[in-house]
Amino acid sequence: MPHTQITLDCAQSQVPRVEALLEALGALAITLSEPDDEEILEPGPGEQRLWSHLRLTALFDAATVDPLRLQARVAEVLGAPPRGWRVERLVDRAWERAWMDDFHPMRFGDRLWVVPWGQTPPAAEAVNLRLDPGLAFGTGTHPTTALCLRWLDGLPLQADTRLVDYGCGSGILAVAGCLLGAGHCTAVDNDPQARQATADNARRNGVGERIRVQGPGPLPRAGADVLVANILARVLVAMAGELSPSVRPGGRIALSGILRGQVDQVRACYSSWFEMERPEYQGDWALLAGTRRG
Ligand SMILES: C[S@@+](CC[C@H](N)C(=O)[O-])C[C@H]1O[C@@H](n2cnc3c(N)ncnc32)[C@H](O)[C@@H]1O
């Protein structure tokens with residue numbers, strides 16, 4: 001399928017609103033990078049940055065996007081014409097693979113490595129997650145994914161642990177959770193490309209039978225021992241009443257995709273259900289974890 005790639009720069013505080021708009025207008029994938037480094041689609045392994053401005057790169061099906069109309073809608077959200085606006089037509093899905101050249105094995109926590117598909121794990125005895133995210137978000141290079149992977153690595157996941165990965169993207173968290181010991185995972189995403197990538201990565205890692213991939217829908221009440229949701233603050237706020245009761249009393253939750261300035265708002269929505277811990281930060285991004293009250 002030919003793709004249209006849109007690039008723009010905006011203040012970090014405007015990112016969630018622009019991301020939401022691009023998603024609503026059909027973006028297949030959105031990545032963040034520093035405005036001066038066009039090669040990096042997600043931040044480099046282990047990098048922590050404090051950005052005031054970010055570059056958003058969004059990929060659309062060329063048949064469905066009207067770049068001029070899109071530019072006007074973004075200008076409405078920003079209150080001014082977007083800076084660094086660029087439109088490129090990609091005919092051979094080169095975008096999808098370009099980042100793979102800079103993608104190397106990365107370690108998260110004590111046990112877990114994320115190893116690009118086709119590369120050799122540096123530590124054969126480690127828990128090695130073999131990943132090809134395709135067009136979906138979730139390589140491990142984004143701070144929010146890294147925060148979630150380290151959190152999962154620190155949990156006592158067991159064969160009877162029921163995990164939910166809400167907003168699974170490439171499936172990186174669902175697969176990591178199962179490789180780290182969880183017996184079963186429900187992986188949810190509203191993007192069919194993400195669901196496909198999750199199913200593919202689950203199969204690649206030999207945990208296809210343990211991961212159920214589905215679109216958004218009601219989650220069983222108290223059906224999760226552990227729930228991880230790396231989405232965006234506004235989605236987490238909107239879904240607090242749905243996600244919270246799906247965790248059993250005593251179960252754990254981790255929420256990410258939250259900018260520093262959004263922590264209090266998200267915490268307020270979940271603190272009546274969960275005993276919330278101090279946030280973990282990487283760069284401008286936060287992870288909020290908690291334990292469901294009994
Ligand atoms: C930031 S990515 C996270 C991917 C992966 N879990 C990770 O940690 O790297 C967020 C994902 O949530 C999905 N998403 C956004 N809003 C959603 C919603 N309301 N319901 C289900 N999935 C959603 C997006 O399609 C995207 O794949």
3J(HN,Hα) from dihedral phi, the stretch 8-18, Karplus parametrisation 6.51/-1.76/1.60, rounded to Hz, x for glycine, proline: 8, 10, 8, 5, 4, 5, 8, 4, x, 5, 5
Over all directions, what mean area does the Cα convex hull of the stretch 124-275 project, stated in square nanometres? 8.5 nm²
So, over other residues within a Cβ distance under 14 Å of ASP165, counting Lys, Arg +1 and Asp, Glu -1, the net charge is +2
Given H placed 1.01 Å from N in the peptide plane, which residues other than close sequence neighbours of GLY283 have an amide H under 5 Å from its amide H? ARG49
So which residue, out of ARG162, ARG130, ARG111, gets the largest mean-square fluctuation from a GNM of the chain using Cα contacts under 10 Å as springs? ARG111
Using a 10 angstrom cutoff on alpha carbons, build the Gaussian network for the chain and name the most mobile of ALA63, ALA20, ALA194. ALA63
Antiparallel as a % of all DSSP beta bridges within the chain, to the nearest 5? 60 percent
Out of the total accessible area of the chain (probe 1.4 Å, heavy atoms of protein only), what percent is carbon and sulfur? 49 percent
Sort SER271, SER13 by accessible area with a 1.4 Å probe, largest first. SER13, SER271
Using θ = phi - 60° and Karplus 6.51 cos²θ - 1.76 cosθ + 1.60, couplings along the stretch 85-90 (whole Hz; Gly, Pro as x): 5, 9, 10, 10, 9, 10
Expressed in nm to one decimal, what extension gain is obtained for the pair TYR281 and ALA159 from 0.36 nm per residue of sequence separation less their Cα-Cα distance? 41.0 nm
Per residue value of the accessible surface for the chain (all protein chains in place, 1.4 Å probe), Å²: 43 Å²
Relative contact order (%) - the chain, alpha-carbon pairs under 8 angstrom, separation at least six: 14 percent
If the only charges are +1 at each Lys and Arg Cβ and -1 at each Asp and Glu Cβ, what is the size of the charge dipole of the chain around the Cα centre, to the nearest 20 debye? 880 debye
For a distance above 26 Å, tell me the whole-number percent of Cα pairs in the chain that qualify. 42 percent
Roughly speaking, what is the centre-to-centre gap between the stretch 7-35 and the stretch 188-224 when only Cα atoms are used, to the nearest Å? 25 Å
Kindly rank 216-228, 77-89 from highest to lowest mean number of other beta carbons found within 10 Å of each residue. 216-228, 77-89
When you count, for each residue, the other Cβ atoms within 10 Å and take the mean per peptide, how do 252-258, 122-128, 232-238 rank with the highest first? 252-258, 232-238, 122-128
Could you compute the FRET efficiency for ASP110 and SER13, with r as their C-beta to C-beta distance and R0 at 35 Å, rounded to 0.05? 0.50
On a 1.4 Å probe surface of the protein chains, which of TRP285, TRP273 comes out largest in accessible area, and what is the full order? TRP273, TRP285
Pick out, from PRO220, THR64, PRO105, the residue whose Cα sits farthest towards the positive end of the charge dipole of the chain, with +1 on the Cβ of Lys and Arg and -1 on the Cβ of Asp and Glu. PRO220
Within the stretch 162-187, what residues put their amide N at less than 19 Å from the label point 7 Å along the Cα-to-Cβ vector of GLU125? 180-181
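The values are calculated or read from the model by the stated rules, or taken from the named source; none is laboratory data. Treat the numbers as computed from the prediction; the structure is a model and nothing was measured. Here Cβ is always computed from backbone atoms with ideal geometry, including for glycine, and neighbour counts include all displayed protein chains. For accessibility, only protein heavy atoms count, side chains too; no ligands or nucleic acids. Shrake-Rupley method; radii C 1.70, N 1.55, O 1.52, S 1.80 Å.
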